[in-house]
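Undergrad: Right, I'll just put the structure down here and ask away after.
Each reported figure results from applying straightforward, stated rules to the coordinates on display, with no laboratory input. Keep in mind that this is a model prediction, so the values were computed, not measured. Positions of Cβ are backbone-derived with ideal geometry, glycine not excepted, and every protein chain shown enters the neighbour counts.
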Amino acid sequence: MIRDRVECAFIDDERIGGALEQGKRYSPAAVRDVLAKSLELRGLDLEELASLLWVDDSELLEEVYAAARKIKETIYGKRLVFFAPLYVSDYCVNNCTYCAYKRDNKYPRRKLTMDEAREEVRAIQRMGHKRIALEAGEDPANCPIDYITDVMQTIYDTHCDNGSIRRINVNIAATTVDDYRRLKDAGIGTYVLFQETYHRGTYRSVHNGPKADYDWHTTAMDRALAGGIDDVGIGVLFGLYDWRFETVALLQHAHHLDDAHGVGPHTISFPRLRPAAGMSLGEFPYLVSDADFKRIVACLRLAVPYTGMILSTREAPEFREEVVALGISQISAGSCTGVGEYSRGEAHDTPQFEVSDHRDLDQIIRDLLPSGYVPSFCTACYRSGRTGEAFMSLAKTSHIHEFCQPNALLTFQEYLCDYASPDTVKLSEPAIRQAFEEVDPRLRQECGRRLERIRGGERDLYF
C-alpha cells in the first residue's frame, strides 16, 4: 500500500493546552453560561468544553449531567440503537501495547472463511440484530481490502428466516482513498477508526508497526470522506493518556471535519482500556475512573449535540445504564470479541479485550424497558440517502426526529414479532404505546398501519 505523505496539522497541542488552562479559570457563573449555550444545541468551542471538564463542585456537576440528559432526550428521545460487532480476522502486523491482537502474542491466528462468516452472521441475526460493526486486525497479506469487501458482500447476502443485516459499519486500519472508494462501493455504512490517543508522544510509545504513523492514522477520516464515504466515526481509547486532553482533542478533530468537509463525525465512540492478553492495566498510568468517564460522555454530549455516541460492552451493565442516560445513542449488545465466537457458542482463547456486559440482547432490552427506552434497529436513513450533510441538515433543524421515532417503533415491532421472549413482549407494551404517542401526528396514522402490516408478517417497512 503506497502512502501519500500528509501531516496532521489540525490536532494542535498548544491550542488544547491553552483551552484547558483557560477553562480551569471559569467561575461557576461562567460555567452556567456555557451550560445555557449548550442547551441552544449549537455546540461548544474547545475552551467551553474544557471548562466543564474541570468542574469539581458536586451541585454544579449535577447541572452538567442534567443538561446532558435534557439534550439527549431533546434530540434522540428515548430511542437507543443496537448493533453487534463481528470480528473477522485477528491477524495483525502491529505490536500495540494495549491490544491482545499484537504480533508478539503467540497464539493460532485465524480469519473467517466465507462459510464461517455466514454462520457468524446467522447467529447474530438469530439474536435480532440488523446492524453489524465489522472488525479486523491490520495485516495486508492475510486480511487485504479484497477480503473485507468479500466478507461485506457475504454479510449482506446472508439471510436467516426473517433476519437480514441492513447496515455494515467497518472498523479497519487507516488506508488509501482508493480503498475507501472500494468500501463505499461495497455498501459501507459508517467508517469507524479510533485514534486511540491524540497525544503524539504517547501514540509513539504504545504503537509499533504501520499503525505507529500518527499523521497517516489521524488523517484517515479525510481520506475516507474524499473516497466518497458519507459517514465517519471517531473515538479515543480512554486510559492511554490524560482524559481531559483526549476529550478536547476529540472535539478539535470533530471541528476539523466539519470545517474541512462540511460534516462532522457521524459518531463518537467511548472505548475504555480493558484487560487483554499480553498486557496489564497496571502498565498504564492514565486509567479513567467511572466518575470521570461519566463526565466525559456528558460533556461531549453538550459539545456535539447532533453526533451519535456509542458505548460498548466493555462497561458493566449497571454502569452502562447510568452512562446511557447522559448522552449515549447507540450500544452494542450480546457482543463477542473473538473470531468465530458467535456460531461456536464459546469464548475465544484470545479475544481482543475482556467484555464486562455478558447479557444477551433480549436481557439488555428487558432491563432497559422499565426506564422507558425504545430499542431501535433502524437503518432507514442510510438506505434513503439521509447521510452525511443531508442527515446533519435534517438533524440540526430537528426534522430527523420525524423519521427516527416511527422507524424505531417499526424495527422494534419486528424484534418483538421474531425474536423477543414472552417476558420482553409483555414488558414492551407500555413502551410501544408511549412511543406511538410521540410519533409525529402527520405520520401517526400511517405508522399504525405499518405496525399492523409487520404484525401480519411484512418486514423492512420504514419512512
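Undergrad: Spelling out what I want: for every residue of segment 55-72, take phi, set θ = phi - 60°, compute 6.51 cos²θ - 1.76 cosθ + 1.60 (Karplus), and round to whole Hz; glycine and proline get x.
TA: Karplus values, whole Hz, x for Gly and Pro: 4, 10, 8, 4, 5, 5, 5, 5, 5, 4, 5, 5, 5, 5, 4, 5, 5, 4.
Undergrad: Determine, from the Cβ-Cβ distance of LYS37 and ARG359 and an R0 of 41 Å, the FRET efficiency 1/(1 + (r/R0)^6), rounded to the nearest 0.05.
TA: 0.60
Undergrad: So how do ARG320, ARG118 line up by other beta-carbon neighbours within 10 Å, fewest first?
TA: In increasing order of surrounding Cβ atoms, one gets ARG118, ARG320.
Undergrad: For a footprinting-style exposure proxy, rank ILE124, ILE155, ILE432, ILE172 by other Cβ within 10 Å, fewest first.
TA: Neighbour counts put them in this order, fewest first: ILE432, ILE172, ILE155, ILE124.
Undergrad: Let me ask something additional. Roughly how many whole Å is it from the C-alpha centroid of segment 7-44 to that of segment 60-86?
TA: Taking the Cα centre of each part, segment 7-44 and segment 60-86 sit 20 Å apart.
Undergrad: Let me ask something else. Under the rule of at least 5 residues apart or a separate chain, name every residue whose amide H is placed under 5 Å from the amide H of ASP357.
TA: Answer set, sorted by chain and number: GLU315.
Undergrad: Cysteines without a disulfide-compatible partner in the chain, using Cβ under 4.7 Å as the rule?
TA: If one checks each Cβ against the other cysteines of the chain, CYS8, CYS92, CYS143, CYS160, CYS299, CYS336, CYS378, CYS381, CYS404, CYS417, CYS447 turn up with nothing under 4.7 Å.
Undergrad: Along the Cα→Cβ direction, 7 angstrom out, place labels at ASP213 and LYS70. What is the inter-label distance in nm?
TA: The answer from the label model is 4.7 nm.
Undergrad: Which residues' amide hydrogens lie under 5 Å from the amide hydrogen of TYR87, considering only partners 5 or more residues apart or on another chain, with H built in the peptide plane?
TA: It is GLU135, GLY340, by chain and number.
Undergrad: Mind checking which of LEU53, SER329, ILE296 is farthest towards the positive end of the chain's charge dipole, using Cβ charges of +1 (Lys, Arg) and -1 (Asp, Glu) about the Cα centre?
TA: Final value for the positive-end residue is SER329.
Undergrad: Only counting other Cβ atoms within 10 Å, I'd like ARG122, ARG167 sorted with the fewest neighbours first.
TA: Listed from fewest to most nearby Cβ atoms, that is ARG122, ARG167.
Undergrad: Shifting gears a bit: When the Karplus curve 6.51 cos²θ - 1.76 cosθ + 1.60 is applied with θ = phi - 60°, which whole-Hz ³J(HN,Hα) does each residue of segment 80-93 get, with x for Gly and Pro?
TA: After applying 6.51 cos²θ - 1.76 cosθ + 1.60, I find 9, 8, 10, 8, 10, x, 10, 8, 9, 7, 10, 5, 7, 9 Hz.
Undergrad: R0 = 41 Å: FRET efficiency of ALA226 with SER58, Cβ-based, nearest 0.05?
TA: 0.35
Undergrad: Further question: For LYS106 and LEU287, calculate 0.36 nm times their separation in residues minus their Cα-Cα distance, and state this gained length in nm to one decimal.
TA: 62.5 nm
Undergrad: Restricting the count to DSSP beta bridges whose residues both fall in the chain, what percent are antiparallel, rounded to a multiple of 5?
TA: For the chain, the DSSP antiparallel bridge percentage is about 10.
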